[in-house]
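What follows is calculated from the coordinates using simple rules that are stated; it is not laboratory data. Here the structure is a predicted model, which means the values were calculated and not measured. Every residue, glycine as well, gets a Cβ built from its backbone with ideal geometry; the counts of neighbours run over all protein chains shown.
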């Protein structure tokens with residue numbers, strides 16, 4: 001099942017206080033970026049983030065779920081109705097996220 005544009009817009013609205021939130025559509029789902037770093041995505045109308053130490057510490061009770069068959073597990077964010085929670089989560093995670101890999105020149 002693909003994610004809806006409505007759910008994407010809802011999540012983007014919840015994150016509107018943050019600068020540089022972008023996304024890329026990929027096979028019916030959406031990869032989310034925060035200041036150029038991949039932070040997670042929207043899969044089957046669920047917000048999932050990378051299971052890094054900062055995210056685990058911020059959401060110690062979070063469930064691990066697969067975004068799609070054959071992928072690595074990610075953390076399910078259940079408190080999507082709280083702008084303050086989502087903003088805090090993304091800010092807590094940012095420093096620990098890896099830098100994007102440089103694009104290869106053709």
_For Rg/Rh (Cα atoms, Kirkwood Rh), pick the label among (1) 1.01; (2) 0.94; (3) 0.96 that corresponds to the value derived from the coordinates._
(2)
_Whole-angstrom gap from segment 6-21 to segment 76-106, using each part's C-alpha centre_ = 12
_Please rank 93, 27, fewest neighbouring Cβ atoms within 10 Å first, as an exposure proxy._
27, 93
*Report the FRET efficiency, 1/(1 + (r/R0)^6), for residue 2 and residue 105, where r is their Cβ-Cβ distance and R0 is 41 Å, rounded to 0.05.*
0.80
*Working out 0.36 nm times the residue gap between residue 20 and residue 92, then minus their Cα-Cα distance, what length gain in nm do you get to one decimal?*
24.4 nm
*How would you rank 94, 68, going from fewest to most other Cβ atoms within 10 Å of each one's own Cβ?*
68, 94
*Under the definition of Cα pairs under 8 Å and six or more residues apart, what whole-number percent is the relative contact order of segment 1-64?*
27
_Virtual paramagnetic centre 7 Å along Cα→Cβ of residue 65, amide N under 12 Å, in segment 14-53_ = 41-49
*Going by C-beta contacts inside 10 Å, put 22, 87 in order with the fewest on the left.*
22, 87
